[in-house]
Amino acid sequence: MEDKNVKELYFKAINKYGIAAQEWMLVEECGELLNAFAKLRRGRASKADIITELADVHIMIEQMACFFGLEEFKLEKELKLARLEERLNKRKKA
């Protein structure tokens, strides 16, 4: 699906369900991801379970990023990735 179509889909969901409901959906999906990882540690979940929950959380994060400011989100993500790279490069030299 093209980025434009995905953004339209996200805003359609926000308009239909409301931002408060979609914010809560993100909280629920994060909880399901946490549970999947806890189950994985106990041997009661699979890689497929983790992938499913990661996709759900990713979709909700993208939806919230579109609502709260996609460009700001992308910029913040790039800054954090650059910081991670810097930290990792420092550790190699030490």
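The values are calculated or read from the model by the stated rules, or taken from the named source; none is laboratory data. None of these values were measured; they are calculated from a predicted model. Cβ placement follows ideal geometry from the backbone for every residue including glycine, while neighbour counts extend to all protein chains displayed. SASA here: full protein model, heavy atoms, side chains in, ligands and nucleic acids out. Shrake-Rupley method; radii C 1.70, N 1.55, O 1.52, S 1.80 Å.
Annotations for the structure displayed:
- Residue check for GLU85: open to solvent by 80 Å² or more (accessible area, probe 1.4 Å) and out of contact with any Leu (no Cβ under 7 Å at 6 or more places or on another chain): yes
- Taken over the stretch 1-18, the criterion of being assigned to a helix (DSSP H, G or I) and either over 29 Å from LYS47 (Cβ atoms) or of a type in the set (S, T, N, Q) (or both) is satisfied by LYS4, ASN5, LYS7, GLU8, PHE11, LYS12, ILE14, ASN15, LYS16, TYR17.
- Hey, GLU71 acidic (Asp, Glu), in a helix (DSSP H, G or I) and open to solvent by 70 Å² or more (accessible area, probe 1.4 Å) or not: yes
- Filtering the stretch 25-47 to residues that are aliphatic (A, V, I, L, M) and either surrounded by 15 or more Cβ atoms within 10 Å (Cβ to Cβ) or more than 24 Å from ASN15 (Cα to Cα) (or both) leaves MET25, LEU26, LEU33, LEU34, ALA36, ALA38, LEU40, ALA45.
- Residue that is without any contact (Cβ under 8 Å) to a residue 40 or more places away in the chain, assigned to a helix (DSSP H, G or I), open to solvent by less than 50 Å² (accessible area, probe 1.4 Å) and out of contact with any Lys or Arg (no Cβ under 8 Å at 6 or more places or on another chain), where the choices are ILE61, ILE50: ILE50
- Meets criteria (outside any helix (DSSP H, G or I) and either among the hydrophobic types (A, V, I, L, M, F, W, C) or modelled with pLDDT under 95 (or both)) for ALA21: no
- Taken over the stretch 1-39, the criterion of being β-branched (Val, Ile, Thr) and free of Cβ contacts under 8 Å to residues at least 12 places away in the same chain is satisfied by VAL27 alone.
- Single unsatisfied condition, LYS4 versus (1) surrounded by 11 or more Cβ atoms within 10 Å (Cβ to Cβ); (2) modelled with pLDDT under 95; (3) not hydroxyl-bearing (Ser, Thr, Tyr): (1)
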